[in-house]
Amino acid sequence: MERTLILLKPDAVERRLCGRIMARIEDRGFKFAGVKMLKVTPELSRQHYAEHVSKPFYPLLESFITSGPIIALCVEGPEAVRVMRDMMGKTNCRDSAPGTIRGDFGLSRQMNLIHGSDSIESAAREIAIYFKPEELIATTSALEPWLY
Ligand code: RTP
Ligand code: MG
């Protein structure tokens, strides 16, 4: 079973959209293996967005992601990385199709509500940044083979 790291960014918390976004994730059939509210520090931002630190937009990205609390989710389910990316929409909310999270709730390129790992390798790296192994709960139910 695949896991991915999802962040509900400061704009999602500020706009009180977390419950609705989390409901969409559960509605799709995914489950949460880890849930945590925290504030991203500049150090954590540089670690998480290591691939973007040298890019021109990084200072704006850091000031945004550190501007308020976020919710970190470890989301688990079949092909969780790819399916969650599809559910999120494009980086720029204005390019995102209706029915996606960014396409339904946003208009900004920077304040785009949600982060999702972009590969299985990124997911493993990012989950380890936000969660200790003992904070992730593995559960299985008898229904799962039927659900998936
Ligand atoms: P994320 O990493 O947050 O899930 O978003 P993403 O994969 O869709 O986009 P990515 O290319 O990884 O960029 C990370 C975040 O940086 C901001 N960004 N600004 N040209 C720009 O001004 C620009 N490009 C990216 C966005 O907040 C994006 O989510
Ligand atoms: Mg990305």
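What follows is calculated from the coordinates using simple rules that are stated; it is not laboratory data. All figures in this text were calculated on a predicted structure; none of them were measured in a lab. FYI the Cβ positions are ideal-geometry reconstructions off the backbone, even for glycines, and counts take in every protein chain you see.
Modelled this way, with points 7 Å down the Cα-to-C-beta line, the labels at Met1 and Ser67 are 3.6 nm from one another. Close Lys pairs in the chain (alpha-carbon distance under 21 Å; sequence gap of 8 or more, or different chains): 10. Fewest-first ordering of Ser117, Ser108 by other beta carbons within 10 Å of each residue's beta carbon gives Ser108, Ser117.
Its DSSP H runs of at least 4 residues, each contributing -39,500 (n - 2.57), put the calculated 222 nm mean residue ellipticity of the chain at -10500 deg cm²/dmol, to the nearest 500. Between Arg125 and Glu144, the simple spin-label model (points 7 angstrom out along Cα→Cβ) gives 2.7 nm. Within a Cβ distance under 12 Å of Gly29, other residues only, what is the Lys/Arg minus Asp/Glu net charge? Residues close to Gly29 contribute a combined charge of -2. Per-residue Cβ neighbour counts within 10 Å put Leu113, Leu73 in the sequence Leu113, Leu73, beginning with the fewest.
At full extension, Leu60 and Glu14 could sit 14.8 nm farther apart than now, given 0.36 nm per residue minus the alpha carbon distance.
In terms of surrounding Cβ atoms within a 10 Å radius of their Cβ, Phe64, Phe57 rank from fewest to most as Phe57, Phe64. Helix 120-130 axis versus longest C-alpha principal axis of the chain: approximately 80°, rounded to the nearest ten. Within the listed set Val81, Val13, Val53, the residue fluctuating most in the Gaussian network model of the chain (springs between alpha-carbon atoms under 10 angstrom) is Val53. Over the chain, the reciprocal of the mean inverse Cα-Cα separation, the Kirkwood hydrodynamic radius, stands at 15.6 Å. Could you tally the net charge around Ser96, taking each other residue with its Cβ under 15 Å from the Cβ of Ser96, Lys/Arg +1 and Asp/Glu -1? Here the count lands on +3.
Helix 18-28: angle to the longest alpha-carbon principal axis of the chain, degrees 0 to 90, nearest 10? Tilt of helix 18-28: around 40 degrees.
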